[in-house]
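Please treat every number below as a calculation from the coordinates, not as lab data. Keep in mind that this is a model prediction, so the values were computed, not measured. Cβ placement follows ideal geometry from the backbone for every residue including glycine, while neighbour counts extend to all protein chains displayed.
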Amino acid sequence: MKLTVEDVYHFPELSKMTLIAGKGGLKNEIRHCGILDYEYDEDVASKYQDYNFKMDGGFLTLTSFLYAKNDPKLIYDAVKRLTAKNGCGLIIKNIFRLPISDTVIRYADRMEYPIFVLNDSYPFFEDIIVLIEKKKEQYESFYYREQKMERLLQESDASAACALLMRDIHPALQDDLIAVCVRKPDSSLSPEEYLREENRLYEAGCIGHGDIVFYYRGGLLLICSAHRHASENPQEIAHPYLKVLQEEGCAAPPGAETDGLESGRIAPLRRFSAGVSRLHHIREELKEAVEESLYAVRFDEGKNGSCTTFDSLGVYQAILPYVEENSMKGYCRRYIAPLAEYDSERNGEILGTVITFIQCGGDLDQAAGRLSQHRNTIRYRLRRAGELLSLNPFELGDYERLALAVRIHICAQKEKRR
């Protein structure tokens, strides 16, 4: 992916840098980074080859304007020449307290050429260049493993290409492994946010020889592998990694919303949602482990964020891989569409009541409590649903038919949010 001027602006190492002009160019791509010294001082320019600016386009320029300290008007000349070379931005380390004229600012705004002032002696220009080059290298390879993983998920399990893809994703992958998918509950991770979280995992010493973490579908995908894990419990294996990513958690309150799932909740991740796969004992099941983590996180993307294991999904484990099949869609539609249509015409709450009833395992009192309605109101709505569908939701056989349709509907809604 491309490293932009805006990305650099948000680097914590450059927190003392201030944008003074050219906000419209923050999305400019950075291809090169160099120091402007005397190149645009007309008195000495002929004595220096233009090393820093031989390549047009995408240049982020660093300067102290040493040569302009006695003539600040030279700043305007330099900015015009830099924009003429399609430069992407300018960082001024203003150690000489030079005034930046309104003419320069207006020109930079008009040309959408970002200009920053760094009123600090640190970091040094060389440190900034190293930082930017390192980040550029990271960003350029940012999607590499994500692309490889997408290809792996599209391959058949027996494909010879799977082994090559797994080697590309992580050559040191071990046999005992789990996959953990981590996402923000309401948005995607920005590249800079992802890199910050990745660095935290490395700095905490969590990422071992058999582990790999990379950006995936707007979140973070973590593969934890070892010759043999100390625990057979995926939650226990994932805990040290999630502890680094989460704020101080607390146990989920009794009676908390679980989408009909009976277990598998881990302490809430206040900043993230996470899904944890089963423990697999051969590396060739990497694809399956990743799919399980993706299924689990879909059931976990709530407002407050938490963590769900694939083992906790119950019957949803069997439905999720096939929810996009036409036969599944058709079955679901026969039961859900009439209720949705009835509600839309009468501003009713039949479908929502049926879904809650199924999520509560057919417990009328529990459904009434969750919906804050009298049990007779819930009973009436369910009977109305039965009339519309020609079944009795209180009889075991009809309840099971309806429950399957509702569960397919729930999985389909999770698929839309993927």
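Each residue in ILE91, ILE20 was given a count of other beta-carbon atoms within 10 angstrom of its own, and listing them fewest first yields ILE20, ILE91. The slack between LYS85 and LEU164, meaning 0.36 nm per residue of separation minus the straight C-alpha distance, is 24.1 nm. Highest mean first, the peptides 179-185, 209-215, 326-332 sorted by other C-beta atoms within 10 Å per residue fall in the order 179-185, 209-215, 326-332.
The convex hull drawn around the Cα atoms of the stretch 321-416, when projected onto a plane and averaged over every direction, covers 6.2 nm². Between the beta carbons of GLU137 and LYS27, assuming R0 = 25 Å, the FRET efficiency works out to 0.80 to the nearest 0.05.
Binning the alpha carbon pair distances of the stretch 156-204 at 10 angstrom intervals from zero yields the distribution 18, 35, 33, 14, expressed in whole percent. In terms of the mean number of neighbouring beta-carbon atoms within 10 Å, the peptides 77-84, 219-226, 95-102 order highest first as 219-226, 77-84, 95-102.
Put simply, when 384-395, 337-348 are sorted by average Cβ atoms within 10 angstrom per residue, most first, you get 384-395, 337-348.
Taken about its Cα centre, the chain carries a charge dipole of about 960 debye when Lys and Arg each add +1 at the Cβ and Asp and Glu each add -1 at the Cβ. Comparing LEU177, LEU364, LEU165 in a Gaussian network model of the chain where C-alpha atoms under 10 Å apart are linked, the largest mean-square fluctuation is found at LEU364.
Nearest 20 debye, what's the magnitude of the dipole of the stretch 5-140 about its Cα centre given +1 on Lys and Arg Cβ and -1 on Asp and Glu Cβ?
Using only the charged Cβ atoms, the result is roughly 280 debye.
Among beta bridges identified by DSSP and lying wholly in the chain, the antiparallel ones come to about 60 percent. Calculate the dipole size of the stretch 349-393 relative to its Cα centre from +1 charges on Lys and Arg beta carbons and -1 charges on Asp and Glu beta carbons; express the result in debye to the nearest 20. Dipole of the stretch 349-393, to the nearest 20 debye: 100 debye. Under 24 Å between alpha carbons, and skipping anything fewer than 8 positions from LYS2 in its own chain: which lysines qualify? Result set, ordered by chain and number: LYS16, LYS23, LYS27, LYS54, LYS85, LYS134, LYS135, LYS136, LYS148, LYS184.
So what does the Cα-only Debye profile of the stretch 101-247 read at q = 0.10, 0.11, 0.14, 0.16 Å⁻¹, as log10 I(q)/I(0), no solvent term? Normalising to I(0) and taking log10 leaves -0.50, -0.58, -0.83, -0.99.
What nm value, rounded to one decimal, do you get for the distance between GLU232 and ASP127 when each label is placed 7 Å out toward the C-beta? The modelled label-to-label distance comes out at 5.2 nm. Scalar couplings 3J(HN,Hα) for the stretch 222-233, obtained by applying the Karplus form with A = 6.51, B = -1.76, C = 1.60 to θ = phi - 60°, are 10, 10, 9, 10, 7, 4, 7, 6, 5, 10, 8, 9 Hz; x denotes Gly and Pro.
Of all DSSP-defined beta bridges confined to the stretch 5-140, some 25% are antiparallel rather than parallel.
Comparing LEU165, GLY89, LEU388 along the charge dipole axis of the chain, the residue lying farthest to the positive side is LEU388, per the Cβ-charge model.
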